[in-house]
């Protein structure tokens with residue numbers, strides 16, 4: 001018999017009420033959506049659905065149900081042979097705030113309620129998460145503390161009630177400039193420093209990871225925006241115990257946009273600029289073609305749309321050879 005695995009929910013305090021339909025770029029009052037992926041089978045000169053399979057091994061078939069406000073209240077993940085993976089169910093209040101989350105894991109190839117999480121608010125601001133096991137014992141808790149409407153502290157507790165981690169945020173004129181996380185021993189494990197330009201846009205993010213008795217790793221990202229272009233520089237370094245510096249990785253990537261869509265990605269090295277990837281989109285804003293660097297690989301996608309302009313079938317081609325079909329069966333509220 002398989003052991004029941006406890007799932008502990010984590011959440012970020014909501015900044016807006018954009019629903020799941022908007023996040024998934026779905027139109028109309030969607031009620032249900034069933035998504036499956038198939039390998040292409042070519043028979044007698046025609047394309048058809050073959051073996052149920054995803055291109056990415058970590059992906060699963062997904063079935064979702066939406067409430068009338070556009071939020072997912074049920075989500076089921078299945079392997080390509082319809083074997084159950086996991087299920088989430090959610091309850092919302094009248095302000096569309098998530099109140100409860102139920103997690104169902106797989107034991108002996110059957111879905112079993114393994115944990116549930118309660119969301120607690122004060123004036124519609126998330127202040128606490130409590131997670132319970134299938135037998136109603138508390139296995140996790142997160143407290144959110146605010147000052148002047150800004151999240152300044154996040155404290156996570158383990159199943160024993162001990163502090164597992166603490167994150168502290170520091171602001172300057174409502175801009176987050178520093179966030180640091182500490183472990184159960186009070187040692188800093190992560191720090192992110194943020195800088196802003198004169199227009200109040202993020203200009204630099206430096207992330208530092210601290211490893212006990214080993215190396216400190218620094219991951220630095222520098223943002224520069226100018227007329228439909230975003231220049232991003234990545235730099236990663238590590239320090240030995242004596243803080244002598246050894247650079248591990250340094251790179252510069254440049255992204256170009258048109259109408260908020262990524263159209264090209266370049267790598268900059270030794271004052272030279274190399275095309276890494278180029279993108280094209282169809283009239284509905286879905287990606288239609290992707291060119292990859294020097295591998296001379298071209299990926300293209302064809303779509304079928306329903307009357308709400310939601311795509312219901314996507315065919316992926318690699319160098320003009322069909323590879324996968326993704327099918328979305330969508331049902332709408334009347």
*Using a simple spin-label model with points 7 Å from Cα along the Cα→Cβ vector, what separation in nm is obtained for residue 207 and residue 281?*
2.5 nm
*What percentage of all Cα-Cα pairs in region 75-141 are separated by more than 16 Å?*
54 percent
*With labels modelled as points extended 7 Å from the Cα through the Cβ direction, what inter-label distance (nm, one decimal) is found for residue 321 paired with residue 112?*
4.5 nm
_Sort 112-118, 263-269 by packing, meaning the average of other beta carbons within 10 Å per residue, with the highest value first._
112-118, 263-269
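None of the figures in this text is laboratory data; all of them are computed from the coordinates on show. Remember, predicted model here, so these are calculated numbers, not experimental data. When we count neighbours, we look across all protein chains shown, and the Cβ atoms used for this are built from the backbone with ideal geometry, even at glycine.
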